[in-house]
Amino acid sequence: MTDTTAGGPPRIGPATRVVLHDLAVRRDRDEWIVGRMVTRNFVALPAAGARAVELLGDGLSVARTEETLRAETGEEFDIADFVGDLTALGFVARIGDRPVPDAEPPRASLPWLRPRHVRLALHPALPLLVGALLTAAVAVLVRRPDLLPGYRDLLWSRHGSVVLLSGAAAGWTLLLAHELAHLVTARAAGVPGRMRLGTRLQFLVMQTDISGIELAPRRHRLTAYLAGIALNLSVASCLVLVLAATEAGTTAHRLLAAALLLALLPLPFQCMVFTRTDLYFVLQDLTGCRDLYGDGLAYARYRFRRAVRPVRRLARGKAPAHARDDPSARLPAHERRAVRIYSVVLVAGTAACLTFMAAVTLPVDIALLVRAVRGLGPEHGLAGNADAVTVLVVLGGVNVLWLVTWWRNRRARR
């Protein structure tokens, strides 16, 4: 039976039976990942925990589950406490005859898009098609190296305002398509997913939350992580093939060359795994880490505290004391090694990125804004004023949007 108190949570007794929500379960090395794709909540459990979930899902009472696990493992388990933990995670729909209030799931982008609509996104032949396109484009570039894009290709028009506006429009369109590729592939695997603006260090980015993909098979996970890169490479490959058939020097050729460069520009950014790019999630999956960034950051902070604490204590005339326990010590051996190596990449990459921002990005932005302000006035003509206003609007708008996005996401995390 399940005892209840007025207005309070159900009391879980030996005879209590529970009804679980629709849970996905997959094995990952020595653990089992259990969770709900709808809410994107999941947890890593040992084999006994996954077996307990299975028994409770089959309708066994708390006492019967404990007895079954004791007979199978020879160990004692507190299943009542375990049910409480599952309830806190949102995995339990009903305890006894009493329903458990369920939090509203995160809002999904394009909720009308169903897995059956986009099931071809996970078809095994799709990577072969992308590979064929890429191979054809590389073959063309080997024969026609003059088609390789350079930064001058972005300056396809003598009007700066036209170049800036068209580049911004094409760049954000490609960025939206990149994130849609993640969303569509995850949706094909049954994961809702949500697209939103975000910030990574000094970068304003669009990102797609597909954390529920953790419950899908590895092929589906890696496909979803790499879908955006695959889309950029496919677009770039198609542009190379069309560019090869277009007469050089024409407006169409210049536009295609600019579009090709814009399609390729985001790819080097993906190598910045210290900012949780697409390749970061591939790396996290291949290393078997649960939270490579969070654990790496915690370990870097631990090493920093350990390095500065003796200095502080000596400055105060005290003997050095041991730093706080190593947060990576609680991790499995394979995760511990990966986290410690990644923490070096995290610190070095972040430092380099912020240094570049201070030494290059900010001075260039300030110089462009100052030049744009000086370019205003009747003496510069209509074209000059249009270019100046465009620079002010685009650069100013991006910086304001970065600040607003950073502030909103910071408040949301609190």
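The values are calculated or read from the model by the stated rules, or taken from the named source; none is laboratory data. This one's a predicted model, so the numbers in the text were calculated from it and none came from an experiment. Cβ: placed from backbone, ideal geometry, glycine included. Neighbour counts: every protein chain shown. Side chains included, ligands, DNA and RNA excluded: accessible areas come from the protein's heavy atoms. Shrake-Rupley method; radii C 1.70, N 1.55, O 1.52, S 1.80 Å.
Each residue of region 121-129 was assigned a 3J(HN,Hα) from its phi angle through the Karplus expression (A = 6.51, B = -1.76, C = 1.60, θ = phi - 60°), giving 5, 10, 5, x, 6, 4, x, 5, 5 Hz with x at Gly and Pro. Here the Karplus relation 6.51 cos²θ - 1.76 cosθ + 1.60, evaluated at θ = phi - 60°, turns the backbone of region 39-49 into coupling constants of 9, 6, 9, 8, 9, 8, 10, x, 4, 5, x Hz, with x for every Gly and Pro. Projection of the Cα convex hull of region 18-99, averaged over all directions and equal to a quarter of that hull's surface, yields 5.2 nm². Any chance you could give the angle, 0 to 90 degrees and rounded to 10, that helix 362-374 forms with the longest Cα principal axis of the chain? Helix 362-374 sits at roughly 50 degrees to that axis.
Rolled with a 1.4 Å probe across the full set of protein chains, the surface gives D209 an accessible area near 60 Å².
Compute the helix-to-body angle for 292-315: its Cα long axis versus the longest principal axis of the chain, expressed 0 to 90° and rounded to tens. Rounded to the nearest ten degrees, it is 90. Highest mobility in the GNM of the chain, judged by mean-square fluctuation with C-alpha springs under 10 Å and restricted to Q202, Q284, Q270, is found for Q202.
Once the Cα-Cα distance is subtracted from the 0.36 nm per residue extended length, the E72 to R152 segment shows a gain of 21.9 nm.
Close amide H partners of T199, meaning residues 5 or more places away or on another chain with modelled amide H under 5 Å apart, are V205.
The charge dipole of region 115-287, taken about its Cα centre with unit charges on the Cβ atoms of Lys, Arg (+1), Asp and Glu (-1) only, comes to about 220 debye.
What is the projected area of the convex hull of the Cα atoms of region 115-287, averaged over all directions, in nm²?
Details: hull surface 44.3 nm².
Over every viewing direction, the Cα hull of region 115-287 projects on average to 11.1 nm².
Taking every alpha-carbon pair within the chain, the share separated by more than 28 Å comes to 63 percent.
Considering only L86, A386, M37, and ranking their Cα positions along the charge dipole of the chain that arises from unit charges at the beta-carbon of Lys, Arg, Asp and Glu, the one farthest toward the positive end is A386. Under a 5 Å amide H cut-off, with hydrogens placed 1.01 Å from N, N41 pairs with R36 among residues at least 5 apart or on other chains.
Mean-square fluctuations from a GNM of the chain, with a 10 angstrom spring cutoff on Cα atoms, peak among I95, I210, I229 at I95. Roll a 1.4 angstrom probe over the protein heavy atoms and tell me the percent of accessible area of the chain that is carbon or sulfur. It is 63 percent, rounded to a whole number.
Sort H21, H182 from largest to smallest accessible area, using a 1.4 Å probe on the heavy atoms of the protein chains. Let's see the in-between values first.
Details: H21 45, H182 10 Å².
The most accessible residue leads, giving H21, H182.
Residue separation of V25 and A298 scaled by 0.36 nm, minus their Cα-Cα distance, works out to 95.4 nm of gained length. Computed from label points 7 Å out along Cα-Cβ, the spacing between V360 and T135 is 3.5 nm.
Derived scalar couplings between HN and Hα for region 90-103 equal x, 8, 9, 8, 8, 10, x, 9, 10, x, 9, x, 10, 5 Hz in order, rounded to whole Hz, by the Karplus curve 6.51 cos²θ - 1.76 cosθ + 1.60 (θ = phi - 60°), x for Gly and Pro.
In region 115-287, a dipole from Cβ-located charges (positive for Lys and Arg, negative for Asp and Glu) runs towards its positive end, and of L261, Q207, V240 it is Q207 whose Cα lies farthest in that direction. Suppose R0 equals 45 Å; then what is the FRET efficiency for V393 and R94 from their Cβ-Cβ distance, rounded to the nearest 0.05? Step by step, r from the Cβ atoms, then E = 0.25.
Computed over the chain with a Gaussian network model linking Cα atoms closer than 10 Å, the most mobile of G228, G90, G193 is G90. Take 357-363, 239-245 and order them by the average number of nearby Cβ atoms within 10 Å per residue, most first; the result is 239-245, 357-363.
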